[in-house]
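Chemist: Input: one structure, supplied below.
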Amino acid sequence: MEKRYVVGLGEVLWDVLPEGKKLGGAPANFAYHAGQFLGSDNTIAISALGDDKLAEETLEALREHNLNDLLPRVPYPTGTVQVQLDEQGVPTYDIKENVAWDNIPFDDDIRHIAENCRAVCFGSLAQRNVVSRTTIQKFLDATPDDCLKIFDINLRQQFYTKEVLKESMQRCNILKINDEELVLIGRMFGYPGLDIENKCWLILGKYNLDMLVLTCGTNGSYVFRPGEMSYQATPHVEVADTVGAGDSFTGSFCAAILNGKSMVEAHKLAVAVSAYVCTQNGAMPALTPELLSM
């Protein structure tokens, strides 16, 4: 029986925070958190690294987090992001361009993972460059019919286009979006007047999605699927920083669905995990036994 993988595909980079640098990037964060529920042997982060000191530090950090990787070397610097936190711990990002994860090659190793993929999470940021965008599209097209394909939109700076968003929504079967992104999508695609729930129902039907996940920060979160909706309030916690909280939500939600939990059970777990991650510094804290047993 061929092994089936759960994949975070896209940017692997270093978040340079006021207290120092931490390994980040949505795909690695997603794979790490999914792996805490599914077993680290079954999850993998796919991106690219440069031939530099940061690349070696990346591999060392991934090993420390027990995270599998497929990170071909390319002649570009390993990615970094300058992160500034406001008084509430909410980050803003300065994402360096023309770096290794902009240039992920679609090679035979990556194709093999795609053909044996159980779930993959990808975003819009890693599609800002045509090389990685082509690799992501080829990967998605090579996955089995039963693969969960989660598009976590992740709009950053100016690094997205209507074309990339539309193609990605057509290729995914689960869309994850936040309330600010939903407003932008509504304007971009021409339905700005609808309330948030009706926007979500419209997108769910238009793109024939299995599920749509909407996070609204402190105002709670929703999961929609045809004929059913789940709402969960956001727990009140003491926030250290929110870096990676959304990725932990996606990773734990995906793992719960793969483990056979209902949509509502998966949603409850994802909310609890992301709230806990907000109380910790950095994107990849180890989860508590209580969370892992939910």
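Chemist: Just checking, does the stretch 211-220 include any residue being more than 26 Å from Ile44 (Cβ to Cβ), among the hydroxyl-bearing types (Ser, Thr, Tyr), modelled with pLDDT under 95 and touching a helix residue (DSSP H, G or I) at 6+ places or on another chain (Cβ under 7 Å)? Lay out the reasoning, then the answer.
Modeler: Here is the first cut: in the stretch 211-220, the ones more than 26 Å from Ile44 (Cβ to Cβ) are 214, 216-220.
Subsequent filtering for residues that are among the hydroxyl-bearing types (Ser, Thr, Tyr) retains 218.
When the remaining residues are screened for being modelled with pLDDT under 95, the result is 218.
Narrowing the set further to residues that are touching a helix residue (DSSP H, G or I) at 6+ places or on another chain (Cβ under 7 Å) leaves none.
For the stretch 211-220, residues more than 26 Å from Ile44 (Cβ to Cβ), among the hydroxyl-bearing types (Ser, Thr, Tyr), modelled with pLDDT under 95 and touching a helix residue (DSSP H, G or I) at 6+ places or on another chain (Cβ under 7 Å): absent.
Chemist: Just to be sure, is Phe139 over 19 Å from Phe253 (Cβ atoms) and in contact (Cβ under 8 Å) with a residue 12 or more places away in the chain? Please lay out each step first, then the result.
Modeler: Numbers: over 19 Å from Phe253 (Cβ atoms): yes; in contact (Cβ under 8 Å) with a residue 12 or more places away in the chain: yes.
Yes.
Chemist: Of all residues being in a helix (DSSP H, G or I) and under 15 Å from Gln170 (Cβ atoms) in the stretch 140-150, which is nearest to the chain's Cα centre (by Cα)? Just the residue, please. Before you say what the answer is, go through the steps one by one.
Modeler: Quick first cut of the stretch 140-150, residues in a helix (DSSP H, G or I) only: 140-142.
From the residues that got through so far, the ones that are under 15 Å from Gln170 (Cβ atoms) too are 140-141.
Numbers: Leu140: 15, Asp141: 19 Å.
Applying the filter and picking the extreme gives Leu140.
Chemist: On to the next question. So, in the stretch 179-207, exactly how many residues are part of a loop (DSSP other than H, G, I, E, B) and either touching a residue at least 12 places away in the same chain (Cβ under 8 Å) or of a type in the set (A, V, I, L, M, F, W, C) (or both)?
Modeler: 2
Chemist: For the stretch 221-294, list the helices (runs of 4 or more DSSP H) that sit wholly inside it and hold at least 3 residues that are surrounded by 19 or more Cβ atoms within 10 Å (Cβ to Cβ) and modelled with pLDDT of 95 or more; which are they?
Modeler: Values: elements: 245-258, 263-278, 289-292.
By residue number, 245-258, 263-278.
Chemist: Please state which one of Leu204, Leu212, Leu184 is out of contact with any Gly (no Cβ under 8 Å at 6 or more places or on another chain), open to solvent by 50 Å² or more (accessible area, probe 1.4 Å) and on the phi < 0 side of the Ramachandran plot. Outline the logic, then answer.
Modeler: Details: Leu204 fails: open to solvent by 50 Å² or more (accessible area, probe 1.4 Å); Leu212 fails: open to solvent by 50 Å² or more (accessible area, probe 1.4 Å).
Within the list Leu204, Leu212, Leu184, the selection yields Leu184.
Chemist: Kindly evaluate Ala61 against the criterion of being surrounded by 16 or more Cβ atoms within 10 Å (Cβ to Cβ), under 20 Å from the mean Cα position of the chain (by Cα), assigned to a strand (DSSP E or B) and modelled with pLDDT of 90 or more. Steps first, please.
Modeler: Working: surrounded by 16 or more Cβ atoms within 10 Å (Cβ to Cβ): yes; under 20 Å from the mean Cα position of the chain (by Cα): yes; assigned to a strand (DSSP E or B): no; modelled with pLDDT of 90 or more: yes.
The answer is no for Ala61.
Chemist: Okay, moving on. Restricting the search to the stretch 91-128, which residues are of a type in the set (Val, Ile, Thr) and either more than 18 Å from Ala283 (Cβ to Cβ) or open to solvent by less than 70 Å² (accessible area, probe 1.4 Å) (or both)?
Modeler: Those that are of a type in the set (Val, Ile, Thr) and either more than 18 Å from Ala283 (Cβ to Cβ) or open to solvent by less than 70 Å² (accessible area, probe 1.4 Å) (or both): Ile95, Val99, Ile104, Ile110, Ile113, Val120.
The values are calculated or read from the model by the stated rules, or taken from the named source; none is laboratory data. All figures in this text were calculated on a predicted structure; none of them were measured in a lab. Using ideal geometry, Cβ is built from the backbone for each residue, glycine included, and neighbour counts are taken over all protein chains shown. SASA here: full protein model, heavy atoms, side chains in, ligands and nucleic acids out. Shrake-Rupley method; radii C 1.70, N 1.55, O 1.52, S 1.80 Å.
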